[in-house]
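**Q** Below you will find the structure I want to go over with you.
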Amino acid sequence: MKRAEAAPPQELDEAALLHRVARGDRAAFEELYRRTSPWLAVRLRRRCADEQLVAEVMQETFLAVWRAAGSFAGSRTAAGGTGGTAVGWLWTIAARRLVDAFRRRAHHAEPPPAAAPQPVAPAAEDEALVTTVGGDVGDALRRLAPELRDVLQAMVLDGLSVRETAVVLGLPEGTVKTRARRARIAMREELA
């Protein structure tokens with residue numbers, strides 16, 4: 001373990017970098033940011049087309065990482081996947097911050113009093129879904145109830161665990177499991 005503490009940040013995995021960040025190591029934080037910010041920005045842009053909002057979420061995410069790195073419960077030996085890894089923890093924070101930003105924006109948005117109803121454009125996530133999943137599967141997925149589709153998208157397309165999905169969507173884990181089961185049953189029926 002002494003060797004990992006003496007190693008330069010470029011030689012460490014993300015979990016070891018987070019452990020150093022928890023001790024206030026700025027070089028480790030800079031390396032973590034250098035490594036993770038490009039893919040994090042890409043994933044956020046898949047869910048939000050507003051560059052300013054993505055930039056705000058990125059800033060809030062890395063501020064939270066700096067402040068809460070000590071609460072990362074992952075293992076230094078965890079590798080691959082997002083279940084309990086440093087990368088999964090980071091994505092969970094970012095996704096949660098994006099949901100919070102959407103909620104803030106919706107709360108502060110006031111429709112004009114005499115506004116005529118406008119045709120609803122498809123959500124950015126639905127457009128991304130069309131390009132990601134096509135054919136019968138894509139059609140079946142788009143016909144799911146939004147709450148079922150959100151859970152299935154988070155768990156299958158984004159690769160989040162039940163726990164991470166619960167955090168991102170602000171739901172109890174049991175609700176996520178139930179909705180995932182209902183979504184799978186509905187998909188099976190649609191595709192039969």
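The values are calculated or read from the model by the stated rules, or taken from the named source; none is laboratory data. Remember, predicted model here, so these are calculated numbers, not experimental data. Here the Cβ positions follow ideal geometry from the backbone for every residue, glycine too, while neighbour counts run over all protein chains shown. Note: areas computed on protein heavy atoms with side chains; ligands, DNA, RNA excluded. Shrake-Rupley method; radii C 1.70, N 1.55, O 1.52, S 1.80 Å.
**Q** Of all residues in the range 44-57, which are of a type outside the set (Val, Ile, Thr) and either part of a helix (DSSP H, G or I) or at pLDDT 95 or above (or both)?
**A** Once the filter is applied, which keeps residues that are of a type outside the set (Val, Ile, Thr) and either part of a helix (DSSP H, G or I) or at pLDDT 95 or above (or both), the range 44-57 yields Leu44, Arg45, Arg46, Arg47, Glu51, Gln52, Leu53, Ala55, Glu56.
**Q** Enumerate the helices (runs of 4 or more DSSP H) found wholly within the range 144-192, keeping only those where 3 or more residues are open to solvent by 50 Å² or more (accessible area, probe 1.4 Å) and in contact with a helix residue (DSSP H, G or I) (Cβ under 6 Å, 6 or more places away or on another chain).
**A** It comes to 173-191.
**Q** Sticking with this structure for a sec: Considering only the range 120-128, I want to know if a residue exists there that is at pLDDT 75 or above, open to solvent by 50 Å² or more (accessible area, probe 1.4 Å), out of contact with any strand residue (DSSP E or B) (no Cβ under 8 Å at 6 or more places or on another chain) and assigned to a helix (DSSP H, G or I).
**A** The answer is no, given that none of the residues of the range 120-128 is at pLDDT 75 or above, open to solvent by 50 Å² or more (accessible area, probe 1.4 Å), out of contact with any strand residue (DSSP E or B) (no Cβ under 8 Å at 6 or more places or on another chain) and assigned to a helix (DSSP H, G or I).
**Q** If you don't mind, another one. Do we find that Leu141 is at pLDDT below 80, assigned to a helix (DSSP H, G or I) and of a type in the set (A, V, I, L, M, F, W, C) in this structure?
**A** Here the answer is yes, as Leu141 does meet what is asked.
**Q** Here's something else I'd like to know. So which residues in the range 34-76 are of a type in the set (Val, Ile, Thr) and open to solvent by 10 Å² or more (accessible area, probe 1.4 Å)?
**A** Val42
This table checks each residue for (1) within 26 Å of Ala154 (Cβ to Cβ); (2) of a type outside the set (Ser, Thr, Tyr); (3) part of a helix (DSSP H, G or I).
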{"position": "Gln10", "(1), (2), (3)": "no, yes, yes"}
{"position": "Ala15", "(1), (2), (3)": "yes, yes, yes"}
{"position": "His19", "(1), (2), (3)": "no, yes, yes"}
{"position": "Gly24", "(1), (2), (3)": "no, yes, no"}
{"position": "Glu31", "(1), (2), (3)": "no, yes, yes"}
{"position": "Arg34", "(1), (2), (3)": "no, yes, yes"}
{"position": "Val42", "(1), (2), (3)": "yes, yes, yes"}
{"position": "Gln59", "(1), (2), (3)": "yes, yes, yes"}
{"position": "Ala69", "(1), (2), (3)": "yes, yes, yes"}
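**Q** Same structure again: Only one of (1) at pLDDT 85 or above; (2) out of contact with any Gly (no Cβ under 7 Å at 6 or more places or on another chain) is not met by Ala22, so which one is it?
**A** That leaves (2) as the condition not met.
**Q** Are there any pairs, at least 6 apart or on different chains, whose C-beta atoms fall under 6 Å, with the first in the range 161-175 and within 15 Å of Gly88 (Cβ to Cβ) and the second open to solvent by less than 40 Å² (accessible area, probe 1.4 Å) and of a type in the set (Val, Ile, Thr), and if so, which?
**A** Taking only residues 6 or more apart or on different chains, the pairs are Val162/Val176; Glu164/Thr92; Thr165/Val176; Ala166/Val176; Val167/Thr92.
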